[in-house]
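The values are calculated or read from the model by the stated rules, or taken from the named source; none is laboratory data. This one's a predicted model, so the numbers in the text were calculated from it and none came from an experiment. Positions of Cβ are generated from backbone atoms using ideal geometry, with glycine treated the same way; all protein chains shown enter the neighbour counts.
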Amino acid sequence: MKTKTLVLALMAGLLAAVSCSQSKRLTDLVDPMIGSGEHGHVFVGANVPFGMVQLGPQQINDSWDWCSGYHISDTLIIGFSHKHLSGTGIGDLGDILLMPFDDARTLRTKGYVSNKKREVGHIYAPLDHSLESVRPGLYCVQLPAYGVKARLTATERVGLHEYSFDSDRASLVVDLQTGIGWDSCTVSTLKVVDPLHIEGTRSSRGWAQEHTWHFWAEFSEPIVSTEKETLENDGDVDILHFDLGKDRKLMVKVALSPNGCQQARANMEAEMPGWDFDAVAQAADDKWEKALSSIEIEPMDSKQEKIFYTSLYHTMMAPQLCSDAGQEPRYTILSLWDTYRAENPMLTLIAPQLSRDLADTYMDIYRKRGQLPVWDLDGWETYCMVGNPGVISLADLVLKGFVEDEQAAYEALVASSRLSDRGLDLHGRYGFIPFDCTREWYMVSKSMEYAIADACVAKVARKFSDDKTAEEFEWRSKAYERYFDPESGFMRSRNLKGEFRTPFNPFSAEWDDADYVEGNAWQYTFLVPHDVQGLIDLFGEERFTQKLDSLFVVQGDGTGNVADMTGLIGQYAHGNEPSHHIVYMYNWLEGQQYKCAELVRRIMDEMYFDEGGGVCGNEDCGQMSAWYILSALGIYQVDPAGGDFALGSPAVKSAKVHLGDDKVLNIKALNNSPENIYLRSASWNGVELEKPFISWESIREGGELVFEMTNER
């Protein structure tokens, strides 16, 4: 009997071990290639969540669809660089570019014509995508033309390269001249410190008018000789030569710092003292696994599961660290015009410490520049897009309790909103930007974005019982009332006398009349997420309902076609952020929530994919994916500062959202299916919700949100 018991125990242990070894990792569900085609512009390569280093392949083309430096349609590679953007509509970075090659192979340096209409010389290799593989924290490729196999992985501040060669003679191109997109090197230095180490600095200008990265690199084998290669019209690159051991491998560690080469060296010593590639790659995978585990779902099917976790992965490409090891964490790549809408509210749910660090980052920027960030790129304010999105994001963090010095934050919010640049003085004086008082472009878009920020400032003012300031900014937040044309039912540009600009075409976008940016009057008429009820009252409920219905069916006249207006359902443009809250506006209309449910499911089904382009527009530093994550969970924060979460149509069967501090939001969607898309009811901790909303104050404490789904409207 004892023997039998022992055997059974051993078998049980063996089965448990096998089960454990075969347990699914969330990192296995992620496909980093999703979004690398069409106009997704995502980063492909090796990094860790929100890390400083994004180590991945770089291609020759600098056209729009190569904003991240990579597009799946391309079959050429010029090396592996350490800084990339993900999902943006402008290209930059591409710092510290390395290209390995076997000395026995011919180095290809043919010139290519870029979209700048000039000859550019580049060292390059053919890229066969069938010889390429990528997963979170790991990128691998074979380059037969150069007799090399490459594996890349990373920590927060250090990139690790492993190159296996066909022979025992190897070389490495170190290119500090080449960048991505608009990036152009202004100053570069490279010093061979000793046979195992180099250091250097690269400064450039592009989208960011100035940015600098310092690096410290270490090699597993000593440098035996060096030379310079002059590339046609593109400066010099350094070539390092190595004699390899019998394993024919060269490993390279490259650490970055925004502050200096010695700080980069310290970052390497802190994060990657050894040479165990597999251990570093496993640690990167583990970091991704932990980050992805912030939301556990029971999916509808495997396709949805893949889209969900790839989307969650994409939300963690930015913001990116820009501080050294041992310092207080600070971040850059703040695409706030995009991310204040869903990405940043999502982070307040699943990443409370990062949210606190972002608040500190915003305040550091304010102290240095006298204003909160708009679009910070590697420490440089680009002023990309319109409005005051840093005000919106910081106000949300204040109202949710993520800011330590709330009084200082309040002062920063008010001061940043009373500046006189970018038409803000006119907006503050008149409550809108009259087209005859400025040569500013995009007046309607700018002023309506300012109005959203103003509403956020007013909320914080009320929190501080500053009624005078609250009233000032509440008045400013009503810009939509001043742009509203009751005859046409659109937000239209007007002059100081109150006369609307003519001629007017609601389909005309961007370059045609300069009143709207990346959109037209159809989309911008609904850009009032801070006061949906006020907008409804302005129209009248019946007329507003008709207008909202029309948005999703009316067809354009061909004048509104711009690159960022993609993912169209009628004139609703899911490929661009000003539309992202609109489907949830149906929740404010009695008996109309079913339309929200229908459209949310349609968008998730038609605009997000498990292969190819992946998303219907630029990924935009996580915003496109964050919309999917929140919508799949059945919630979306329409009012971007401290507002309630509107209920949509959950697309998962259940979810567990880890909120930090051992608090959990449990979501159950009973009877959920592709057909059962409507809400029969919703309850919070057993109490039925009377309206399709749930407050942040409720969610932050954790609890259970239960949806009962049906196929009946």
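Out of Pro506, Pro434, report the one residue that is buried (at least 20 other Cβ atoms within 10 Å of the Cβ), touching a helix residue (DSSP H, G or I) at 6+ places or on another chain (Cβ under 8 Å) and closer than 27 Å to Ser550 by Cα. Lay out the reasoning, then the answer.
Working: Pro434 fails: closer than 27 Å to Ser550 by Cα.
The unique qualifying residue is Pro506.
For region 407-439, a residue qualifies if it is among the acidic types (Asp, Glu), closer than 18 Å to Ser493 by Cβ and at pLDDT 95 or above, and exactly one does: Asp425.
Assess whether Glu487 counts as being over 17 Å from Val391 (Cα atoms) and assigned to a loop (DSSP other than H, G, I, E, B).
Values: over 17 Å from Val391 (Cα atoms): yes; assigned to a loop (DSSP other than H, G, I, E, B): yes.
Here the answer is yes, as Glu487 does meet what is asked.
Checked against (1) under 31 Å from the mean Cα position of the chain (by Cα); (2) crowded, with 20+ Cβ neighbours inside 10 Å, Tyr146 passes all but a single condition, namely (1).
Quick check: anything in region 301-316 surrounded by fewer than 18 Cβ atoms within 10 Å (Cβ to Cβ) and farther than 18 Å from Ser625 by Cβ?
So the first thing to find is which residues in region 301-316 are surrounded by fewer than 18 Cβ atoms within 10 Å (Cβ to Cβ), and the list is 301-303.
Among the residues that remain, those that are also farther than 18 Å from Ser625 by Cβ are: 301-302.
Yes; the residues of region 301-316 include at least one that is surrounded by fewer than 18 Cβ atoms within 10 Å (Cβ to Cβ) and farther than 18 Å from Ser625 by Cβ.
When each of Ser649, Ser681, Ser654, Ser673 is tested for being closer than 20 Å to Trp588 by Cα, assigned by TED's automatic domain parsing to the domain that holds Asn587, surrounded by fewer than 22 Cβ atoms within 10 Å (Cβ to Cβ) and of a type in the set (Ser, Thr, Tyr), the lone residue that passes is Ser681. Residues in region 555-598 that are small (Gly, Ala, Ser) and touching an Asp or Glu at 6+ places or on another chain (Cβ under 7 Å): Gly575 alone.
Residues checked against (1) modelled with pLDDT of 95 or more; (2) in contact with an Asp or Glu (Cβ under 8 Å, 6 or more places away or on another chain); (3) surrounded by 19 or more Cβ atoms within 10 Å (Cβ to Cβ):
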position: Ser203; (1), (2), (3): yes, yes, no
position: Gln209; (1), (2), (3): no, no, no
position: Phe215; (1), (2), (3): yes, yes, yes
position: Asn233; (1), (2), (3): no, yes, no
position: Asp238; (1), (2), (3): no, yes, no
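To keep it simple, each residue is scored yes or no on (1) modelled with pLDDT of 95 or more; (2) over 18 Å from Arg341 (Cβ atoms); (3) assigned by TED's automatic domain parsing to the domain that holds Val391.
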{"position": "Asp515", "(1), (2), (3)": "no, yes, yes"}
{"position": "Asn520", "(1), (2), (3)": "no, yes, yes"}
{"position": "Thr525", "(1), (2), (3)": "yes, no, yes"}
{"position": "Val528", "(1), (2), (3)": "yes, no, yes"}
{"position": "Phe539", "(1), (2), (3)": "yes, yes, yes"}
{"position": "Phe544", "(1), (2), (3)": "yes, yes, yes"}
{"position": "Gln555", "(1), (2), (3)": "no, yes, yes"}
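Do we have Cys596 as touching a Ser or Thr at 6+ places or on another chain (Cβ under 6 Å) and either buried (at least 23 other Cβ atoms within 10 Å of the Cβ) or not aromatic (Phe, Trp, Tyr) (or both) here? Steps first, answer last, please.
Details: touching a Ser or Thr at 6+ places or on another chain (Cβ under 6 Å): no; either buried (at least 23 other Cβ atoms within 10 Å of the Cβ) or not aromatic (Phe, Trp, Tyr) (or both): yes.
No, not satisfied.
Among the listed residues Ala651, Ala626, Ala669, Ala632, identify the single one that is among the hydrophobic types (A, V, I, L, M, F, W, C), more than 27 Å from His39 (Cβ to Cβ) and touching a residue at least 24 places away in the same chain (Cβ under 8 Å).
Numbers: Ala651 fails: more than 27 Å from His39 (Cβ to Cβ); Ala626 fails: more than 27 Å from His39 (Cβ to Cβ); Ala632 fails: more than 27 Å from His39 (Cβ to Cβ).
When all the criteria are applied, what remains is Ala669.
For first residues located in region 206-222 and among the aliphatic types (A, V, I, L, M), partners that are in a strand (DSSP E or B) and surrounded by 21 or more Cβ atoms within 10 Å (Cβ to Cβ) and lie 6+ apart or on another chain with Cβ distances below 7 Å form the pairs Ala208/Leu377; Ala217/Ile198; Ala217/Val252; Ala217/Lys253; Ala217/Val254. When Asp557, Asp531 are screened for being loosely packed, with under 15 Cβ neighbours inside 10 Å, over 30 Å from Gln54 (Cα atoms) and in contact (Cβ under 8 Å) with a residue 40 or more places away in the chain, only Asp557 passes.
Selection of region 465-484 for residues being in a helix (DSSP H, G or I) and over 24 Å from Tyr524 (Cα atoms) yields Asp467, Lys468, Thr469, Ala470, Glu471. Ile433 fulfils the conditions (1) touching a Leu at 6+ places or on another chain (Cβ under 8 Å); (2) assigned to a helix (DSSP H, G or I); (3) under 20 Å from Pro506 (Cβ atoms); (4) aliphatic (A, V, I, L, M) except for a single criterion, (2).
Every residue, every condition in (1) in contact with a Leu (Cβ under 6 Å, 6 or more places away or on another chain); (2) in a strand (DSSP E or B); (3) among the polar types (S, T, N, Q), yes or no:
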{"residue": "Thr226", "(1), (2), (3)": "yes, yes, yes"}
{"residue": "Glu229", "(1), (2), (3)": "no, yes, no"}
{"residue": "Leu240", "(1), (2), (3)": "yes, yes, no"}
{"residue": "Met251", "(1), (2), (3)": "no, yes, no"}
{"residue": "Asn259", "(1), (2), (3)": "no, no, yes"}
{"residue": "Asn267", "(1), (2), (3)": "no, no, yes"}
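Looking across region 346-364 at every residue that is of a type in the set (A, V, I, L, M, F, W, C) and surrounded by fewer than 23 Cβ atoms within 10 Å (Cβ to Cβ), the one that is farthest from the chain's Cα centre (by Cα) is identified as Met363.
Count of region 245-282 residues, restricted to those that are closer than 16 Å to Ala150 by Cα and loosely packed, with under 15 Cβ neighbours inside 10 Å, is 4.
From the list Gly617, Gly612, Gly591, pick out the single residue that is free of Cβ contacts under 8 Å to residues at least 12 places away in the same chain and in a loop (DSSP other than H, G, I, E, B). Working first, answer last.
Values: Gly617 fails: free of Cβ contacts under 8 Å to residues at least 12 places away in the same chain; Gly612 fails: free of Cβ contacts under 8 Å to residues at least 12 places away in the same chain.
Residue meeting the stated conditions: Gly591.
Taking every residue in region 133-149 that is more than 17 Å from Gly51 (Cα to Cα) and pairing it with any residue that is surrounded by fewer than 21 Cβ atoms within 10 Å (Cβ to Cβ) and of a type in the set (Gly, Ala, Ser), at least 6 positions away or on another chain, the pairs with Cβ-Cβ distances below 9 Å are Cys140/Ser133; Val141/Ser133; Gly147/Ala104; Gly147/Ser167; Val148/Ser164; Lys149/Ser164. Which of the residues spanning region 134-163 are outside any loop (DSSP other than H, G, I, E, B), of a type outside the set (A, V, I, L, M, F, W, C) and under 19 Å from Ile123 (Cα atoms)? The answer is Gln142, Pro144, Tyr146, Lys149, His161, Tyr163. Here Ile629 meets the list (1) among the hydrophobic types (A, V, I, L, M, F, W, C); (2) buried (at least 24 other Cβ atoms within 10 Å of the Cβ); (3) part of a strand (DSSP E or B) almost entirely, failing just condition (3).
Can you tell me which residue is farthest from Gly519 (Cα to Cα) among those in region 437-492 that are small (Gly, Ala, Ser) and touching a residue at least 60 places away in the same chain (Cβ under 8 Å)?
Narrowing region 437-492 to residues small (Gly, Ala, Ser): 445, 447, 451, 453, 455, 458, 461, 465, 470, 477, 479, 488-489.
Filter again for touching a residue at least 60 places away in the same chain (Cβ under 8 Å), leaving 445, 451, 453, 455.
Values: Ser445: 9, Ala451: 18, Ala453: 20, Ala455: 23 Å.
Ranking the candidates gives Ala455 first.
Determine whether Asp364 is touching a Phe, Trp or Tyr at 6+ places or on another chain (Cβ under 9 Å), free of Cβ contacts under 8 Å to residues at least 60 places away in the same chain, charged (D, E, K, R) and under 24 Å from Leu394 (Cα atoms). In short, no. With respect to the stated conditions, Glu343 is surrounded by 24 or more Cβ atoms within 10 Å (Cβ to Cβ) and not hydrophobic (A, V, I, L, M, F, W, C).
Selection of region 162-180 for residues being small (Gly, Ala, Ser) and either closer than 25 Å to Gln54 by Cβ or surrounded by 23 or more Cβ atoms within 10 Å (Cβ to Cβ) (or both) yields Ser164, Ala170, Ser171, Gly179. Within region 484-518, which residues are more than 31 Å from the chain's Cα centre (by Cα) and aromatic (Phe, Trp, Tyr)? Hits for region 484-518 are Phe484, Phe500, Phe504.
Determine whether Arg602 is basic (Lys, Arg), part of a strand (DSSP E or B) and within 30 Å of Arg543 (Cα to Cα). The answer is no for Arg602.
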